[in-house]
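Colleague: One structure coming up, written as structure tokens, with questions to follow.
The values are calculated or read from the model by the stated rules, or taken from the named source; none is laboratory data. These numbers come from a predicted model, not from an experiment. Please note: Cβ atoms are built from the backbone with ideal geometry, for glycine as well, and neighbour counts cover all protein chains shown. Quick note on the areas: whole protein, heavy atoms, side chains included, nothing else; ligands and nucleic acids left out. Shrake-Rupley method; radii C 1.70, N 1.55, O 1.52, S 1.80 Å.
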Amino acid sequence: QQQVRQSPQSLTVWEGETAILNCSYEDSTFNYFPWYQQFPGEGPALLISIRSVSDKKEDGRFTIFFNKREKKLSLHITDSQPGDSATYFCAASESNNRIFFGDGTQLVVKP
Amino acid sequence: EAAVTQSPRNKVAVTGGKVTLSCNQTNNHNNMYWYRQDTGHGLRLIHYSYGAGSTEKGDIPDGYKASRPSQENFSLILELATPSQTSVYFCASGDPGGVYAEQFFGPGTRLTVL
């Protein structure tokens, strides 16, 4: 059973638009939710993360919205730039145990 | 300077051959992980380790062995490589000492088994 699900699988937006990436999880004991960004030919790197005690986390143009009751998250990228084109992985973890990754959303930002 | 390095970066192997993928980290992290990444499957955990001398099975360990001879090094071994093991392999390290464990990834190894 897949612990973390992401949608859409791929997303194309125009430069300046807001991209919305969705994520849901199964295990209610998960309490840490990192988002990783991966550029072609590179390994994933942590972009932004949220703990389950919060419902929102902002870092510049990137914002996570978290709904604990529905076990859903979303990553909003405002004023999207071509340099944001990458694959984004939603992940979930319980404290310092292993991290479960979703299958990723491939984002393309057109200039 | 890169904290997690992998070698080789690209590898072509023959079916039935032995393949060893190596990972080195300078983060002084206790935990290390091996993932494979295939289109449509995201990152799948093969083996992981809590420290030197320890290896644990992840979600897809069949056909793979792991070795952690030191804090810095973690190897993934394919004793009898098969074409289904063609993939991109990522090593990562993480610090369980933190409250929430971030993982730091290497650049990946692209393996092709013919």
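Colleague: Do you know which residues across segment B:1-35 are at pLDDT below 95 and under 14 Å from A:Glu42 (Cα atoms)?
Modeller: Correct list: B:Ala2, B:Ala3.
Colleague: Could I ask something else about it? Can you list residue pairs whose Cβ atoms sit under 6 Å apart, with the first residue in segment A:39-63 being under 17 Å from A:Ser28 (Cα atoms) and the second being outside any strand (DSSP E or B)? Count only pairs 6 or more apart in sequence or on different chains.
Modeller: A:Ser52/A:Asn31; A:Ser52/A:Lys68
Colleague: With the checklist (1) on the phi > 0 side of the Ramachandran plot; (2) touching a helix residue (DSSP H, G or I) at 6+ places or on another chain (Cβ under 9 Å) in hand, flag the one item B:Leu78 doesn't pass.
Modeller: Condition (1) is where B:Leu78 drops out.
Per-residue answers, yes or no, for (1) touching a residue at least 60 places away in the same chain (Cβ under 8 Å); (2) within 14 Å of chain A (Cβ to nearest Cβ); (3) open to solvent by 60 Å² or more (accessible area, probe 1.4 Å):
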residue: B:Gly17; (1), (2), (3): yes, no, no
residue: B:Met32; (1), (2), (3): yes, yes, no
residue: B:Arg36; (1), (2), (3): no, yes, no
residue: B:Leu45; (1), (2), (3): no, yes, no
residue: B:Arg68; (1), (2), (3): no, no, no
residue: B:Glu72; (1), (2), (3): no, no, yes
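Colleague: Just name the residue that is farthest from the other protein chains (Cβ to nearest Cβ) out of those in segment A:55-111 that are part of a loop (DSSP other than H, G, I, E, B) and closer than 23 Å to B:Gly58 by Cα.
Modeller: Per the stated criteria, the residue is A:Glu94.
Colleague: May I ask you to verify whether A:Ser93 is surrounded by 16 or more Cβ atoms within 10 Å (Cβ to Cβ) and under 21 Å from B:Phe90 (Cβ atoms)?
Modeller: In short, yes.
Colleague: Answer with yes or no whether B:Asn28 is out of contact with any strand residue (DSSP E or B) (no Cβ under 8 Å at 6 or more places or on another chain) and open to solvent by 70 Å² or more (accessible area, probe 1.4 Å).
Modeller: Here the answer is yes, as B:Asn28 does meet what is asked.
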